[in-house]
Amino acid sequence: MEKVYLPFDAWPEADKAAWKVAIAVGDILDDQGPAAHWEPRTKQTNIQHYSRWLGYLNSTVGLANLPADRVTKVRVHAYIRHLEAKVAPRTMVSSLVGLKVIVKAMAPAHDWHWLADVCNRLNRNAKPIRDKRSRILHSGTMFRMALDYLQELSETDLSKRKQLVGFRNGLMVALMTACPLRRKNFSGLTIGTTFKQVGDSWIIRIPAADTKNKQPLELYVPQELSMHIQTYLNRVRKRIANATENAVWVSWDGDQMPCHMVYVAFTRITTTLFGRSINPHLFRDSAATTLATHSLDAVMAAPGLLGHMNPKTTAKHYIHASGINASRKMNDILMCHAKGAKWAKAAPY
């Protein structure tokens, strides 16, 4: 797929200057830029979105005007038609939202309500190419299959590379099923700090500075995994890790596994275990959906498990419980009433 970006180094000087002001970190005497609080990854992502916009303009109408003056309704609509022919609907939305937030940061005095309206309309109408519901599995099913896989491998001598890597990846699946972290936090787990042993159990503690919503996250690892964690640390990880490396997840070379390597490991091991490729982020969908199909009390716990401050985020993006489950619950309630059952108290809706 063709992607035409204008690298940051090739941006017009006016755009570079506007970006520098937007991300400027001020002090008590100087105002900080509108984008000063953005995380490095957010800045890089939005630079990519804006680079795509500049690449499109450069290949069509040119870059003669100032940054804000280039963003007109006519050009944005033409840009949308350009993206529609090249990328998936959700990617198109991301590109336009990225353009919106960066021009708002670079030219905050302008009225960008019309651009926000365009993004909102695109977001409402954009449908994913792939149905996420068809790709997720029940967390209980994944956990049990991962445990069986780990048990089978632990009964071998764990001497071959395939066995060692397989055990590491199987443990990754089991732990992510129980503690569905964002990939960055999962990849960055370190022994003794964010991944600590407490008695016979293990706990994950992610500090506020390292979470997306800047709230600390604490998750307890199921006791069923303790034995397999010890096997991994004592029989697997020591075979492949550097002596000074405290990362939980290490590559065959002994270094900490970067995010992209963790992603690849998940897609490969889930294909082996479940017959389908499941990326790390889908484990969060599976967790929320599993809780939602279990009980009302369980679904109320989903935001805390996923580290969401707003339950609406969980409901909108992560819960994919089908109407069948909802109708079954309703049928149970109706049957209880039909049989004259007494309710101790109203359900806490």
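Remarks
- Residues located in the range 252-272, provided they are surrounded by 19 or more Cβ atoms within 10 Å (Cβ to Cβ) and in a helix (DSSP H, G or I): VAL262, ALA265, PHE266, ILE269, THR270
- Any hit, the range 69-86, residues being at pLDDT below 95 and farther than 19 Å from LEU115 by Cα: yes
- Some residue of the range 44-54 being closer than 30 Å to ALA209 by Cβ, more than 24 Å from the chain's Cα centre (by Cα) and not hydroxyl-bearing (Ser, Thr, Tyr): no
- Of all residues making up the range 72-116, the number that are part of a loop (DSSP other than H, G, I, E, B) and basic (Lys, Arg): 1
- Extreme residue, surrounded by the fewest Cβ atoms within 10 Å (Cβ to Cβ), among residues of the range 179-216 that are touching a residue at least 24 places away in the same chain (Cβ under 8 Å) and farther than 21 Å from PRO258 by Cα: ASP200
- Residue in the range 102-109 that is modelled with pLDDT under 95, surrounded by fewer than 17 Cβ atoms within 10 Å (Cβ to Cβ) and either over 24 Å from LYS184 (Cβ atoms) or out of contact with any strand residue (DSSP E or B) (no Cβ under 8 Å at 6 or more places or on another chain) (or both) present: yes
- Residue among ASP27, ASP15 that alone is in contact with a Leu (Cβ under 8 Å, 6 or more places away or on another chain), acidic (Asp, Glu) and either at pLDDT below 90 or not in a loop (DSSP other than H, G, I, E, B) (or both): ASP15
- Of the strands (runs of 3 or more DSSP E) contained entirely in the range 165-251, those carrying at least 3 residues that are in the same structural domain as MET261 (by TED's automatic domain parsing) and over 19 Å from the mean Cα position of the chain (by Cα) fall at 195-198, 201-206.
- All positions within the range 273-309 that are modelled with pLDDT under 80, part of a helix (DSSP H, G or I) and of a type in the set (Ser, Thr, Tyr): THR289, THR290, THR293
The values are calculated or read from the model by the stated rules, or taken from the named source; none is laboratory data. Only a predicted model underlies this, so the values are computations on that prediction, with no experimental measurement involved. Counting neighbours? That spans all protein chains shown, and the Cβs are built from the backbone with ideal geometry, glycine included.
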